[in-house]
Amino acid sequence: MNTREAKNRHNLLNWIELNRSALNKNIGSLAKLAGDRMLAVSVKANGYGHGLAEMVTLLKDENRVDYITMHSVSEAELARKSGWDRKIMLLGPFSTDETAAVIELDLEPMIFELGSLEQLGRLASQKNVVVKTHLKLETGTNRQGITEKELSKFAAVYQKYNGLLPYGAAMHFANIEDTTNHEYAQEQLDRFGELVICMKELGIDPEIKHTASSAALILFDKTRFDLVRPGLSAYGYWPSKETYLSYQLAGGGNDLFEPVLSWKTRVTQLKQVEKDSFIGYGCSYRTTATIKLAVLPIGYYDGYGRSLSNLAYVLIEGKRAPVRGRICMNLTMVDVTDVEGVKVGDEVTLIGQDGSEAVWADQLAEWGQTINYEVLARLSASIDRLAI
Ligand SMILES: *Cc1c(COP(=O)(O)O)cnc(C)c1O
């Protein structure tokens, strides 16, 4: 994402553009919602498909961001190599071999497994350092959390090692973005409160509490506590229609977020295909007239899902060009009969805006029967990323 690459954009056949001003706007909106709380932006899953190193570089300019959150130690290592010197919270597990790296990379791990806490405690004490940790409490997601019954064992490990600081108490909501009914979220919050009291009774007194992903942060002020952990919204997307609707019904505006990412390719071949011809694998599309067909050099390998076959459209010259036939591993065919003057080399928008038309990840998710999160996270890491 340096200027050399930016200059070479005209030679690229498949690239992602990252819009700095959209990111700045989104972080501004999140900072406003967060108030004086710490802001931890999720850059896991290759920065939600935007590119980990590129997102870290852009987030360095966003002074309001206190933390980035990562899933794995290897992601965190890449973030450090990309120059991130602020805090990193590690959300996922670390292996025995990675324990030393947790300390060396100065990560704040989320704790949910007794064995890894024990190893971390032993190593921290050996090295005579203090590691800030966050306890993930089980409140109803039944994924990573520590239950009330297990808490005393964790407390014993904290007591054993001076090098372990029980800095944060955390939880994650199970049912906040998929519904407009927030009863279950409230039950989880109540449970969280009870578990934090248990922690204190066991002598592990967390300095901070945090629970809020994007949807919780946007919709529920009482989930915000001392730190918020949004991911998707920082990239300019609403977690779901339900979140968007709930926010609108509560009187919120529509200008909080703007998508950061556009995905582009080029027409690499044009041809005329006669009436009654089949297009692509499986003969799933048959022409009903003579058409002009464009071949695009991207496919499901890149993250343009095969489930979009015969459903999606791309944008060329501000016009819709429908996908014809099955999406292949590296190629996709689109009908450009109605795109006047189209030529080889023309820019094609797969995700983004072109004139008055737009295709965002939400739309691709709807066609592909998935969610915007998955569309973004599956964008291949091998695509060039440019900041604009
Ligand atoms: C990914 C993640 C988030 C961010 O969720 P979004 O819905 O993308 O805002 C927050 N907390 C945890 C524990 C996560 O794993």
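Restricting to bridges with both residues inside the chain, how much of the DSSP beta-bridge set is antiparallel, in percent to the nearest 5?
50
Which shape class applies to the chain: rounded if a/c is under 1.5, otherwise prolate when a/b exceeds b/c and oblate if not, where a ≥ b ≥ c are the square roots of the Cα gyration tensor eigenvalues?
prolate
Round to the nearest 10 and give me the degree value, 0 to 90, for the angle of helix 148-160's Cα axis relative to the longest principal axis of the chain.
70
How large is the helix-only mean residue ellipticity at 222 nm for the chain, computed as the sum of -39500 (n - 2.57) over DSSP H runs with n ≥ 4, divided by its residue count, in deg cm²/dmol to the nearest 500?
Mean residue ellipticity at 222 nm (helix-derived): -9000 deg cm²/dmol.
Can you list residues from other chains, or at least 5 along the same chain, whose modelled amide H is less than 5 Å from the amide H of Val348?
Amide H neighbours of Val348, under 5 Å, 5+ apart: Thr265, Arg266, Val267.
If you rank Trp238, Trp15, Trp360 by how much accessible surface each has, with a 1.4 Å probe, what is the order from largest down?
Ranking Trp238, Trp15, Trp360 by accessible area, largest first, yields Trp360, Trp238, Trp15.
Any chance you could run the full-extension gain for Asn24 through Arg320? It's 0.36 nm times the residue separation minus the Cα-Cα distance, nm to one decimal.
103.6 nm
GNM, the chain, Cα, under 10 Å: largest mean-square fluctuation among Glu138, Glu113, Glu150?
Of Glu138, Glu113, Glu150, the most mobile in the Gaussian network model is Glu150.
If you place +1 on the Cβ of every Lys and Arg, -1 on the Cβ of every Asp and Glu, and leave all else neutral, what size is the dipole of the range 1-84 about its Cα centre, to the nearest 20 Debye?
180
Among rounded, prolate and oblate, which fits the range 191-269 when a ≥ b ≥ c are the square roots of the eigenvalues of its C-alpha gyration tensor, a/c under 1.5 means rounded, and a/b larger than b/c means prolate?
Prolate shape, in that a/c is at least 1.5 and a/b is the bigger ratio.
Between 0 and 90 degrees, rounded to the nearest ten: what's the tilt of helix 183-201 against the longest Cα principal axis of the chain?
30
Calculate, for Ser152 and Cys283, the FRET efficiency according to 1/(1 + (r/R0)^6) with r their C-beta to C-beta distance and R0 51 Å; round to the nearest 0.05.
Computed FRET efficiency for Ser152 and Cys283: 0.20.
What is the percent carbon and sulfur in the accessible area of the range 139-236, measuring with a 1.4 Å probe over the protein chains and ignoring ligands?
The C+S portion of the solvent-accessible surface of the range 139-236 is 44 percent.
Straight distance only, please: which lysines reach the Cα of Lys275 with their own Cα at less than 28 Å, same-chain residues fewer than 8 apart left out?
List returned: Lys292, Lys319, Lys343.
Restricting to lysine pairs 8 or more places apart or on different chains, what number in the range 91-172 have Cα atoms under 20 Å apart?
Taking the Cα cut-off of 20 Å, the pair count is 7.
Might you tell me the accessible area per residue for the range 18-100, computed with a 1.4 Å probe and given in Å²?
Heavy-atom SASA per residue in the range 18-100 reads 38 Å².
Once amide H atoms are built 1.01 Å from N in the peptide plane, which residues 5 or more positions from Val314, or in another chain, come under 5 Å H to H?
Placed amide hydrogens put Ala321, Val323 under 5 Å from Val314.
The values are calculated or read from the model by the stated rules, or taken from the named source; none is laboratory data. All values reported here derive from a predicted model rather than from experimental measurement. So basically every Cβ, Gly included, is an ideal-geometry build from the backbone, and we count neighbours across all protein chains shown. In case anyone asks, the SASA skips ligands and DNA or RNA and just uses the protein heavy atoms, side chains included. Shrake-Rupley method; radii C 1.70, N 1.55, O 1.52, S 1.80 Å.
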